[in-house]
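Asker: Please read through the structure below; I'll follow up with questions.
The values are calculated or read from the model by the stated rules, or taken from the named source; none is laboratory data. Note that this is a predicted model, so its numbers are computed, not measured. Note that we place each Cβ from the backbone using ideal geometry, even for glycine, and neighbour counts take in every protein chain shown. Surface accessibility is based on the protein's heavy atoms, side chains included, excluding ligands, DNA and RNA. Shrake-Rupley method; radii C 1.70, N 1.55, O 1.52, S 1.80 Å.
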Amino acid sequence: MSRTHLGSSARPADPLPIVVGVSGASGAVYGLRLIEQLLKADREVHVVVTNPARTVIEMETGLALPTQPLGIERNLNRYLARKATTRGHLRVFGEQQWTAPMASGSSRISAMAICPCSMGILSAVATGASHTLLERAADVMIKERRRLVLVPRETPLSTIHLSHMLHLAQSGVVILPASPGFYHTPVTVERLIDFIVARTLDHLAIDQDLTPGWGQPA
Ligand SMILES: Cc1cc2nc3c(=O)[nH]c(=O)nc-3n(C[C@H](O)[C@H](O)[C@H](O)COP(=O)(O)O)c2cc1C
């Protein structure tokens, strides 16, 4: 279990970065909590926040993010209460920043999640559109046979959404809907959020102690 805290200056045990895309679906808190937990696990986290996501994040959490990646990085670091000396672990890239490592399969990335994942991004990934850095990064993960987790948030689902999800699952992508279970008897919204973030971390192969697995001690 990882016991590294925010602000630790220790180097990551596994130096390979993890990519997190935050898209404009509802559930911005899932993405922010996921980034926080990956940083807590002392991982280098490469983040892309889509333009619609900036709107949704502000509406749902009050966190205002500017348009430029460096400004987003600064505000995210502040929001996550991280120390300036550790900011090297969080790197934010713009939607058209094709120089980012995640844009190429030759750059080794250990895993990627899009959390929350809009139906727009889901459809783009399912069809290999690659018009933005986030779409391209997901496409790279699939072609390189690397771990890709999508956390879609929509209800109800149309046959279009479902057929995209089937296609992606058949390509090895983990479809992890943002639909928390209730068998751990959550009494706060945070516990519901952590249920989804914990399952996402499990699928990214990151140790977590947010929510114990069924039958495991709390
Ligand atoms: C408050 C708000 C909530 C939204 N919730 C969802 C949602 O849960 N799922 C979804 O697919 N789109 C949702 N949308 C619509 C997306 O933001 C929109 O389709 C956008 O184009 C997605 O862009 P992106 O995939 O590049 O982030 C929401 C929009 C707003 C403003």
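Asker: Carbon-plus-sulfur fraction of the accessible area of the chain, 1.4 Å probe, in percent?
Answerer: 54
Asker: Another question, then. Does region 162-218 come out rounded, prolate or oblate, given a ≥ b ≥ c as the square roots of the eigenvalues of its C-alpha gyration tensor, rounded meaning a/c under 1.5 and, failing that, prolate meaning a/b above b/c?
Answerer: prolate
Asker: Same structure, new question: Would you mind getting the accessible area per residue of region 18-203, heavy atoms of the protein chains only, 1.4 Å probe, in Å²?
Answerer: Averaged over the residues of region 18-203, the accessible area is 44 Å².
Asker: Amide H to amide H under 5 Å from LEU90: which residues, 5+ apart in sequence or cross-chain, H placed 1.01 Å off N in plane?
Answerer: HN-HN under 5 Å from LEU90: VAL45.
Asker: Dipole of the chain (Lys/Arg Cβ +1, Asp/Glu Cβ -1, origin at the Cα centre): which of GLY21, ASN77, PRO180 lies farthest to the positive side?
Answerer: ASN77
Asker: Which whole-Hz ³J(HN,Hα) couplings does region 25-34 yield from phi under the Karplus relation 6.51 cos²θ - 1.76 cosθ + 1.60, θ = phi - 60°, glycine and proline marked x?
Answerer: 7, 5, x, 4, 4, 4, x, 5, 5, 5
Asker: Shifting gears a bit: So, by mean Cβ neighbours within 10 angstrom, what's the order for 146-152, 55-61 with the highest one leading?
Answerer: Ranking the peptides 146-152, 55-61 by packing returns 146-152, 55-61.
Asker: Hey, what do the phi angles of region 90-105 turn into as Karplus ³J(HN,Hα) couplings, whole Hz, using 6.51/-1.76/1.60 and θ = phi - 60°, x for Gly and Pro?
Answerer: 10, 10, 9, 10, x, 5, 10, 8, 6, 7, 5, x, 5, 6, 10, x
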